[in-house]
Each structure stands twice: as C-alpha cells, then as structure tokens.
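S.K.: Let me give you the structure first, and then I'll get to my questions.
The values are calculated or read from the model by the stated rules, or taken from the named source; none is laboratory data. Values in this document were obtained by computation on a predicted structure and should not be read as measured data. Note: ideal-geometry Cβ built from the backbone for every residue, glycine included; neighbour counts use all protein chains shown. These area figures cover heavy atoms from the full protein model, side chains too; ligands, DNA and RNA do not enter into them. Shrake-Rupley method; radii C 1.70, N 1.55, O 1.52, S 1.80 Å.
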Amino acid sequence: MPLRLYDNGGRKFEIAGVGLLGCCPVFRLKNKTECVVEVNYWSVQYNKGLQSMLKEWQSENEGIIYSYFDTYSAMSSLIQSPASYGFTEVKGACCGLGELNARAPCLPVSNLCPNRQDHVFWDQFHPTEAASRIFVDKIFDGSSTYTSPINMRQLVAA
Ligand SMILES: *[C@@H]1O[C@H](CO)[C@@H](O)[C@H](O)[C@H]1NC(C)=O
C-alpha cells in the first residue's frame, strides 16, 4: 500500500499506531467498566508489528523518513492521569445510550453529556475533540515517549 505512494514520490510519512482499544467504552461494557486485557494485548502486538514493518520498509526503500506516533502510550497517559489533562470522565462516552453511554452509537436520540470537554471518549470507539487535540500536540511536538524516531515537527523540517 505505501509503496504506491513511494513510487509516486512520497518520502515523508506520519504513521500512527492503535490506541488502548480495550479501554474504549464499548469494550469496557464487557468487563464491568474495566478495560479488556486481551484487547489491549492485541493492540500492543499490532503496534510492534507495525513498527518492525516500518523499519524494514525504510531499510528497503531509499530516502524514506517517517514519524511513528505511539497512540497507545498517549492514550494510557490520558487514562492514567486524566485530571492533569483536564478530564473527569475516562470510561463513559459523551454521546450514546445505556451503561457508559456505550450500548448504542451517537444518534439523534442518544444522550449527550453536558460538557464534552471533560470526556476522553466521544462515542463507543472514538476520542473527543478535546482528547484529539492533546494527541495532535503530541504527534507534532511529542517527546520520544510518544514519537519515534522523530516527531512530526522534525519530519516536516527534515
Ligand atoms: C477486567 O478488569 C480487571 C481489572 O482491571 C482485570 O484484572 C481483568 O483481567 C479484566 N478481565 C478481562 C477479561 O479483561
């Protein structure tokens, strides 16, 4: 897939891994509102595979540079210390129905939380705009905890 971009002249790539999928509201429903361990395990395995694929791909194709974003670490950080990012709700979705607002997607009939800024999750799967903004800051200027081998600012300048 990325080889077609390479053949057309693409050299700089921003690639993001998957987050802690087991902590999405829809999975928390399956474990009494706690994260599903096996789903997080497979998220980690996927990200490992993705990173080794990127390294191999870079070594085989002259001139490729990329920045990998560790969505998993960024999400873990939000979920472990929500208050330091201004969040009060890390489990339930802002928009949905039923337990954790995660029994149904965000539809016109769904409940809407009073303050979407203090929720990490917008719906069953997706982060809120407030959480996405934090991710974007880390993608662009993040330390080596979140980006490797370089961040997006360095990628753009390279
Ligand atoms: C459910 O959550 C608890 C507490 O985090 C954890 O110890 C347990 O392994 C989880 N169960 C599953 C099936 O993921």
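S.K.: Once you list every other residue whose beta carbon is under 13 Å from the beta carbon of Lys138, what net charge do they have if Lys and Arg are +1 and Asp and Glu are -1? Could the numbers behind the result be given before it?
M.R.: Working: positive: Arg133, Arg153; negative: Glu14, Asp70, Asp137, Asp141.
With Lys, Arg at +1 and Asp, Glu at -1, the neighbours total -2.
S.K.: Please give the peptides 123-135, 35-47 ranked by average Cβ packing (other Cβ atoms within 10 Å per residue), highest first, as a rough proxy for protection. Each step should come with its number before you reach the end.
M.R.: Details: 123-135: 18.1, 35-47: 14.8.
Order by mean packing, descending: 123-135, 35-47.
S.K.: Same structure again: Restricting to Cα pairs below 8 Å that are 6+ residues apart, what does the relative contact order work out to for the chain? Please round to a whole percent.
M.R.: Details: 260 pairs, mean separation 37.8, N = 158.
The normalised contact order for the chain reaches 24 percent.
S.K.: Still on this structure: Can you show me the helix-derived [θ] at 222 nm for the chain, built from DSSP H runs with n ≥ 4 at -39,500 (n - 2.57) apiece and divided by the number of residues, rounded to the nearest 500.
M.R.: Values: 6 runs with 63 residues, N = 158.
About -12000 deg cm²/dmol.
S.K.: Follow-up. Do any cysteines in the chain lack another Cys Cβ under 4.7 Å, and if so which?
M.R.: Cys24
S.K.: According to the square roots a ≥ b ≥ c of the eigenvalues of the Cα gyration tensor, what is the shape class of segment 31-92, taking rounded for a/c under 1.5, prolate for a/b larger than b/c otherwise, and oblate for the remainder?
M.R.: On the way: a/c = 5.68, a/b = 1.98, b/c = 2.87.
Since a/c reaches 1.5 but b/c is at least a/b, the shape of segment 31-92 is classed as oblate.
S.K.: Could you calculate the contour length gain from Val39 to Asn115, that is, 0.36 nm times the residue separation minus the distance between their Cα atoms, to one decimal place in nm? Don't jump to the answer; show the numbers that get you there.
M.R.: On the way: separation 76, 0.36 × 76 = 27.36 nm, distance 2.85 nm.
Working it through step by step, the gained length comes to 24.5 nm.
S.K.: Follow-up question, since we're still on this one. Around Phe121, under 13 Å between beta carbons, what's the net of Lys plus Arg minus Asp minus Glu among the other residues? Don't skip to the answer; put the middle values down first.
M.R.: Numbers: positive: Arg28, Lys91, Arg116; negative: Glu89, Asp118, Asp123, Glu129.
Once positives and negatives cancel, what remains is -1.
S.K.: Tally up the carbon and sulfur contribution to the accessible surface of the chain as a whole percent, 1.4 Å probe, everything protein left in place. If you can, show how the numbers build up before the last one.
M.R.: Values: 5130 of 9010 Å².
Carbon-and-sulfur percentage of accessible area, whole number: 57.
S.K.: For the chain, compute Rg over Rh where Rg is the Cα radius of gyration and Rh is the Kirkwood radius from the inverse mean 1/r over Cα pairs.
M.R.: Details: Rg = 17.4 Å, Rh = 16.8 Å.
Using only Cα positions, Rg/Rh for the chain is 1.04.
S.K.: In square angstrom, what is the accessible area per residue of segment 5-156 with a 1.4 angstrom probe?
M.R.: That works out to 55 Å² for each residue.
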